[in-house]
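The values are calculated or read from the model by the stated rules, or taken from the named source; none is laboratory data. All values derive from a computational prediction rather than experimental measurement. Every residue, glycine as well, gets a Cβ built from its backbone with ideal geometry; the counts of neighbours run over all protein chains shown. The accessibility values were calculated without ligands, DNA or RNA, using every heavy atom of the protein model including side chains. Shrake-Rupley method; radii C 1.70, N 1.55, O 1.52, S 1.80 Å.
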Amino acid sequence: AVVSTQSGHYGRDLRDLNKKMKEALIEVTDESARIEQTYKSTMHELEEDADQLKCDNATLSNELTNCWAKIEDLEEQNQNYMNLLESAHVQLRDQGSNNPELDS
């Protein structure tokens with residue numbers, strides 16, 4: 001009788017343990033699914049961000065190239081104006097030396 005009572009307790013304990021293990025497995029499976037979904041969602045967002053950054057980088061690179069081209073154009077225009085100014089200065093100096101009336 002003692003053996004059958006003990007085995008009854010063991011049987012009930014094993015059933016309780018089995019039930020708790022199944023519940024824990026369900027919780028772990030659910031949590032794993034949530035983590036996997038969060039991971040996939042985060043990776044998708046990161047991929048979208050990376051794509052956007054590539055586009056932004058390309059746009060900024062093009063804008064920078066355009067800015068450098070404009071700077072080069074402005075430098076060329078500035079040099080042309082400096083050359084014209086120098087030429088005008090030389091002409092005025094030459095006119096002044098050829099016209100003694102301007103000296104007085």
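What 222 nm value per residue comes from the helices of the chain, counting each DSSP H run with n ≥ 4 as -39,500 (n - 2.57) and dividing by all residues, nearest 500 deg cm²/dmol?
Value at 222 nm, helices only: -36000 deg cm²/dmol.
Give me the 1.4 Å probe accessible area per residue for the stretch 14-104, excluding ligands and nucleic acids, in Å².
95
Output the Kirkwood hydrodynamic radius of the chain, Cα pairs only, in Å rounded to one decimal.
23.1
With the full set of protein chains in place, find how many percent of the accessible area of the stretch 36-104 is carbon and sulfur; take the probe as 1.4 Å.
Heavy-atom surface of the stretch 36-104 belonging to carbon and sulfur, 1.4 Å probe: 54 percent.
Determine the dipole magnitude for the chain: charges of +1 sit on the beta-carbon of Lys and Arg, -1 on that of Asp and Glu, nothing else is charged, the reference point is the Cα centre, and the result goes in debye to the nearest 20.
Charge dipole of the chain: 1400 debye, to the nearest 20.
Using only Cα atoms, find the angle between the long axis of helix 2-98 and the longest principal axis of the chain, and express it within 0 to 90 degrees, rounded to the nearest 10.
It is inclined by approximately 0 degrees.
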